[in-house]
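This report refers to the structure that appears directly beneath it.
No lab work stands behind these numbers, since they all come straight from the coordinates. Note that the structure is a prediction, hence the values are computed from the model and not measured. So basically every Cβ, Gly included, is an ideal-geometry build from the backbone, and we count neighbours across all protein chains shown.
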Amino acid sequence: MATYEAERATNDRGSAPGYGDSGNDGWENHLRLGQDVRFVLAAVGGGAIRIGREIARQHIRHLECVAINCDPKVQGFDEFDRRVYLGPDSGADTDTGGSPVVGGLLARAAGPALQRIFHGATFVIVIGSLGGGAGSGALPYILEVASRNAEVVSVFVVKPFRCEGERRALADRAIGRLHFVESFVEKRERGFATLQTLDNESLVATQGKLAFSRLSEHWASVIEEHIERSFLAPAEAVIEAVELSQAARVGPMNRVSEVEAPALGVVPPGPMPMPAMPPALPAAAGRGPEVELTFEVDTEAHPPAAQ
């Protein structure tokens, strides 16, 4: 029920080269961003895919980009690492006719393929364009699968302009349904998930007349900033801190003295201090002392200042 093309050779946590080897080069060398710690961006629906293409073209470090739609044209978007066409295995084209019911049925039938995408993901960013069959109908089920598999889920939903009438009303109903996606709601209650609405109508007041081609660029910049500030930069800081902590125990030639350690943010030989908020990053099994890796996730994305 789903067609894959151009899947990136991404290692799962348990199958990365060298994972679990008995060598003595240090377990921290096997905790790799983009592999052991995965960042997945999933764009659902035509409008979301336009935003996702802008983000994918930036080649953001460690980020896997996935396009999901009921339109077979999705298979031709080479910017994405994975493209999922929610359609029949026969290869025949399908059309939701703008019906969320049809979009939901197609997404549910593609469950195994969606499971493969999100399994083992650490951070998932979902963009859903509402008002059509794919975004409004498929998004709730895709969000359910993502929330069951990922450690942290951040969702951005795009609402149509007020002049789009019924599409905007359909978007409001779709947002309401997201509050009943059980796995997602549970994550939000625990502080592991966020939901933000990107309202096209809000740009009328802040941006004035904005060309349609610039609309996707604007929302892409908002989401890129969120990914960098809330996920990538904190994860890199945590990994670097772990490496410094481990380096302090290597030996006399590489040891960080207790006098130098505070300046580097390292307190050898005890456990490394970390911020209090989740999520925990996965640690390579059987590689030295256990270190719980946690950091705080910024729950808000801030649009850039109006031009």
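Give the relative contact order (percent, whole number) for region 51-189; include only Cα pairs under 8 Å separated by 6+ residues.
19 percent
Phi-derived couplings, Karplus 6.51 cos²θ - 1.76 cosθ + 1.60 at θ = phi - 60°, listed residue by residue for region 171-182: 5, 4, 5, 5, 4, x, 5, 4, 6, 10, 7, 4 Hz, with x used for Gly and Pro. Rounded to the nearest whole Hz, the Karplus-based 3J(HN,Hα) values (6.51 cos²θ - 1.76 cosθ + 1.60, θ = phi - 60°) of region 224-234 follow the sequence 4, 4, 5, 4, 5, 6, 8, 10, 5, 4, x, with x at glycine and proline.
If only the Cβ of Lys and Arg carry +1 and only the Cβ of Asp and Glu carry -1, the dipole of region 107-248 around its Cα centre is close to 600 debye. Distant-in-sequence amide contacts of residue 127, defined by a placed amide H-H separation under 5 Å and a gap of 5 or more residues or a different chain, comprise 42, 43, 44, 156.
Along region 76-81 the Karplus relation, 6.51 cos²θ - 1.76 cosθ + 1.60 evaluated at θ = phi - 60°, assigns HN-Hα couplings of x, 8, 5, 5, 8, 6 Hz to successive residues, with x for each Gly and Pro.
In this Cβ point-charge picture (+1 for Lys and Arg, -1 for Asp and Glu), region 135-175 has a dipole of about 160 debye about its Cα centre.
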